[in-house]
Amino acid sequence: MKKKILLPFLLAAVLLSGCQRSAFGSGGAEGFPIPTKPYTVEQAIQNGDVVNDHGTYRNLGKWRQFLTAVKKHRFKHEQVRITEYSLEGAPIFSELTYDGQRIHFTYDNAMDPLGTNLGRPSAVCAGVDLKSQNDGPKTYLLTGCDTQIGQYFQFYEEPED
């Protein structure tokens with residue numbers, strides 16, 4: 001009798017464990033709040049996104065924390081979503097998750113009505129490089145990516161006064 005009762009529970013546990021999505025499922029990095037239309041600058045800030053609204057930056061500390069984790073090869077999960085707004089005010093997302101060894105990058109421009117929806121392509125990259133030009137903005141680029149999608153990531157940060 002115990003075997004008849006235990007078997008369905010065991011089978012259900014195995015099936016349910018298979019339903020869990022991986023940390024970097026096909027939709028890109030997880031753990032980010034799902035944006036809803038319209039996704040305002042205020043919502044992005046409240047959700048903890050690093051925001052670039054036409055050169056006005058918010059939550060830059062989160063970006064710097066992510067860079068520190070990558071630079072020091074910390075073996076803890078670290079993630080950051082960068083939301084940049086087009087001239088028309090549409091959000092474009094770059095989601096980066098660091099697993100202690102690699103950066104998982106997902107690009108999402110689905111809310112940009114003037115852009116071509118690319119369907120959340122992703123790449124796995126080895127690191128982040130800083131390119132700076134004298135007094136110009138710091139430019140961060142992903143390096144060692146397994147697909148061309150990694151080239152979509154460019155984050156510009158104006159030098160501090």
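The values are calculated or read from the model by the stated rules, or taken from the named source; none is laboratory data. In this text the structure is predicted, and so the values were computed from the model without any measurement. Positions of Cβ are backbone-derived with ideal geometry, glycine not excepted, and every protein chain shown enters the neighbour counts. Keep in mind that these areas ignore ligands, DNA and RNA; they rest on the heavy atoms of the full protein, side chains included. Shrake-Rupley method; radii C 1.70, N 1.55, O 1.52, S 1.80 Å.
Matching residues to (1) in contact with a Leu (Cβ under 9 Å, 6 or more places away or on another chain); (2) in contact (Cβ under 8 Å) with a residue 60 or more places away in the chain; (3) surrounded by 12 or more Cβ atoms within 10 Å (Cβ to Cβ):
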{"residue": "Ala110", "(1), (2), (3)": "yes, no, yes"}
{"residue": "Gly115", "(1), (2), (3)": "no, no, yes"}
{"residue": "Gly119", "(1), (2), (3)": "no, no, no"}
{"residue": "Ala126", "(1), (2), (3)": "yes, no, yes"}
{"residue": "Asn134", "(1), (2), (3)": "no, no, no"}
{"residue": "Gly150", "(1), (2), (3)": "yes, no, yes"}
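Under the condition of being open to solvent by 50 Å² or more (accessible area, probe 1.4 Å) and without any contact (Cβ under 8 Å) to a residue 40 or more places away in the chain, which residue from segment 73-86 is nearest to Val41 (Cα to Cα)?
Among those that are open to solvent by 50 Å² or more (accessible area, probe 1.4 Å) and without any contact (Cβ under 8 Å) to a residue 40 or more places away in the chain, it is Lys76.
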Point to revise | Which listed residue, of Ile82, Ile45, is under 12 Å from the mean Cα position of the chain (by Cα) and either at pLDDT 95 or above or basic (Lys, Arg) (or both) | key: Ile82
Check your understanding: Out of segment 38-72, which residues are open to solvent by 70 Å² or more (accessible area, probe 1.4 Å) and either in a helix (DSSP H, G or I) or out of contact with any strand residue (DSSP E or B) (no Cβ under 9 Å at 6 or more places or on another chain) (or both)?
Key -> Glu42, Gln46, Lys62, Arg64, Gln65, Lys71, Lys72
